[in-house]
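No value in this document is a laboratory result; all are computed from the given coordinates. Note that the structure is a prediction, hence the values are computed from the model and not measured. Counting neighbours? That spans all protein chains shown, and the Cβs are built from the backbone with ideal geometry, glycine included.
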Amino acid sequence: MDDDVPDLERIASGIPGLDDLMEGGFPLNFIILVAGSSGTGKTTLCIQYLVEGLKHGEKALYIGLGESSNVMKKAMLRYGIDLEKLAENDRLVFADIPALNLEEISQLIDRMGPDVKRLVIDPISALLFKFDRDIDLRQKIRELTESIRDKGVTTLITTEIPENSELISRFGIEDFLADGIVVMYYFREGARRFRGIEVRKMRGTAHSDLVHLYKLEPDVGVRVYPNEKAIPE
């Protein structure tokens, strides 16, 4: 654990078994990168995280840069999550940004009220594909994260990485300002596939350094099995 970050206040992630890997939950007001290849369940994990906040009277904002919120709402019914109902009274707000406009995202964050405690941006990698490589992407990401920090909101930002890649982020920049990094894997061993999750980084936290098994379960979503390693001996 980092000695310079004492006694961090934590919030429940809403993911069964995940908090056991990181001293009881996500540190309050952290920006956490959730990285993984397609099909690992990044969006499902993020929705579970937002729903957990609603249980505690918090409001939440989901900024979607990938599939439409209508498609996602139908998919989440499989896990027993009725997003239409949860969105009543603006408790959970969905904002689709089909034009992948950074200024629009910044404006949404600037307009967030103090009752919004949880934020998801999913996936940031879709936005970064728009930029010319000559533009200083680090500065763009820095400006975005500073806006989030000014709001004091605990945030999950997803990024998609190539399957079987050792990279944490596709562009090598999404992670440089993150307070924490969670990586989701979809391994293949012969004809069998299985999923693993790793807390790669979490400042001020004594977290597990193993890759643990998780499953996408009906009426639950992502469930982590903290006592089972995903990588066979």
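Once you order the gyration tensor axes a ≥ b ≥ c over the Cα atoms, which shape class does region 10-229 get: rounded for a/c under 1.5, otherwise prolate or oblate by comparing a/b with b/c? Judged from the Cα gyration tensor, region 10-229 comes out rounded (a/c under 1.5).
Modelled spin labels at residue 9 and residue 143, positioned 7 Å past Cα toward Cβ, are 3.1 nm from each other.
Ranked by the mean number of other Cβ atoms within 10 Å per residue, highest first, peptides 215-227, 149-161 order as 149-161, 215-227. Highest mean packing comes first when the peptides 202-211, 44-53 are listed by Cβ atoms within 10 Å, giving 44-53, 202-211.
Descending by average beta-carbon neighbour count within 10 Å, the peptides 87-96, 32-41 line up as 32-41, 87-96, the highest first. With neighbour counts taken as other beta-carbon atoms within 10 Å, the residues 198, 103, 228 rank, fewest first, as 103, 228, 198.
The phi-based Karplus calculation (6.51 cos²θ - 1.76 cosθ + 1.60; θ = phi - 60°) puts the 3J(HN,Hα) values of region 79-89 at 9, x, 10, 9, 5, 4, 5, 5, 7, 4, 6 Hz, whole numbers, x for Gly and Pro. Note on region 10-229: with charges restricted to the Cβ of Lys and Arg (+1) and Asp and Glu (-1), its dipole about the Cα centre is near 400 debye. As a proxy for reagent exposure, 141, 231 were ordered by neighbouring Cβ count within 10 angstrom, fewest first; the result is 231, 141.
Computed on region 17-97, with alpha-carbon pairs under 8 angstrom and 6+ residues apart, the relative contact order is 28 percent.
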